[in-house]
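The values are calculated or read from the model by the stated rules, or taken from the named source; none is laboratory data. Just so we're clear, the structure is a prediction, and the values are computed from it rather than from any experiment. Cβ placement follows ideal geometry from the backbone for every residue including glycine, while neighbour counts extend to all protein chains displayed. These area figures cover heavy atoms from the full protein model, side chains too; ligands, DNA and RNA do not enter into them. Shrake-Rupley method; radii C 1.70, N 1.55, O 1.52, S 1.80 Å.
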Amino acid sequence: GAGLIATQIVFETFSERFTNQLLESGKLAAEWMVAEENRLLEGLRLIVYTQGVPEAFLARDADRLRELALPLVLNQQLEAVEFLDAQGNLFFSIRHKPGGLLEDYQFVSEGDATFSLVPFVRQTLSGQPDTYGDKFAGLIQVNQREFFYVASPVFDNQGQVLGAVLLGVSLNDLAAHLRQQTLAQITLYYIDGSPLASSFPDPLPVTAVQAGQVTSQAETTVYHRQTNEVRRQIEALNTGYEELLVPWRARSENIGIIGVSLFRNMLINPSL
């Protein structure tokens, strides 16, 4: 009896520590996402309020925008900067070359209308702020790559919208950085549960029921011990993992789901 009780205590301690570590990793992931959003917002303000930017927008002067924005882009190590006209059409962009050196950027001048179809971009170009201001955020696919963007309108002296600036980071880079910060396997899902980027080679989609449970949560306090936390067991790389699913929120909106996975120790589910 004493041996049985001692064994149960030991296993319960392992389980408790594992659960706490999983919840803490989820909390760190969400907080890091907020910090990344704030970093993009800071870079956005630096570019939008740089003297000469509104005039360059009015003239659609890509060379002048490059001259004004590139030093800020290099200093902030921004991955993608998109300049849109008042109709939402892309007329200039600065994008880091995938796999290139820190200073390797590509400059594109084109009339791409992809951004004009995105709801949060159209909301930005309307110039109408919500309760959090005139900045908006969301996900956009660019050149077969998924990006998280933060957008801000650009105004002239009379308060008319001249266009918008979008700062973005690829979801693959976000997942890799989160992996480094939390030491957990990270998967970013769309709001319906379909995987967008992951540190796993072949991530599994989240079921519609689980996705609905996650996105219905009003706040991200799920990382504390509560009855509404959404967890599942998955198999990846021939290893068992426990995954915690938490809401991915930006500018008060649910834009996706963050999956945080830790190796499931066999001592957690012992056979007594």
Ranking by accessible area, most exposed first, for THR207, THR124 with a 1.4 Å probe: THR207, THR124
Computed over the chain: longest principal axis from alpha-carbon atoms vs helix 62-76 long axis, angle to nearest 10 degrees, is 30
Obtain the nm distance between the two label points defined at ASN75 and SER126 by a simple spin-label model: each point lies 7 Å from its Cα along the Cα-to-C-beta direction. 3.4
Enumerate the amide H contacts of ASN89 below 5 Å, restricted to partners 5 or more residues apart or on another chain; note that Pro and chain-start residues carry no placed amide H. none
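At R0 = 25 Å, how high is the FRET efficiency between SER216 and SER194 if r is their beta carbon distance? Nearest 0.05 is fine.
Numbers: r = 18 Å, r/R0 = 0.71.
My answer for the efficiency is 0.90.
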Accessible area of LEU162, 1.4 Å probe, to the nearest 10 Å²? 30
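Could you tally the net charge around HIS96, taking each other residue with its Cβ under 11 Å from the Cβ of HIS96, Lys/Arg +1 and Asp/Glu -1? Write out the running numbers ahead of the final one.
Working: positive: ARG95, LYS97; negative: GLU79, GLU103, ASP104, ASP173.
Once all neighbours under 11 Å are counted, the net charge is -2.
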What is the sum of charges, Lys and Arg at +1 and Asp and Glu at -1, for the other residues whose Cβ falls under 14 Å from the Cβ of GLY256? -3
When the Karplus curve 6.51 cos²θ - 1.76 cosθ + 1.60 is applied with θ = phi - 60°, which whole-Hz ³J(HN,Hα) does each residue of the range 160-175 get, with x for Gly and Pro? 7, 6, 8, x, 8, 10, 10, 10, x, 9, 5, 5, 5, 5, 4, 5
Part-to-part distance (alpha-carbon centres) for the range 101-130 and the range 141-179, which is given in Å: 6
TYR49: net charge of surrounding residues, Cβ under 14 Å, Lys/Arg +1, Asp/Glu -1, itself excluded? -2
If R₀ is 22 angstrom, what is the calculated FRET efficiency for the pair ARG231 and VAL34, using the beta carbon separation as r and rounding to 0.05? 0.50
Theoretical gain in end-to-end length, THR114 to ASN157 [0.36 nm per residue, Cα-Cα removed]: 12.7 nm
Can you give the helix-only mean residue ellipticity at 222 nm for the chain, where every DSSP H stretch with n ≥ 4 adds -39500 (n - 2.57) and the sum goes over all residues, rounded to the nearest 500 deg cm²/dmol? -11500 deg cm²/dmol
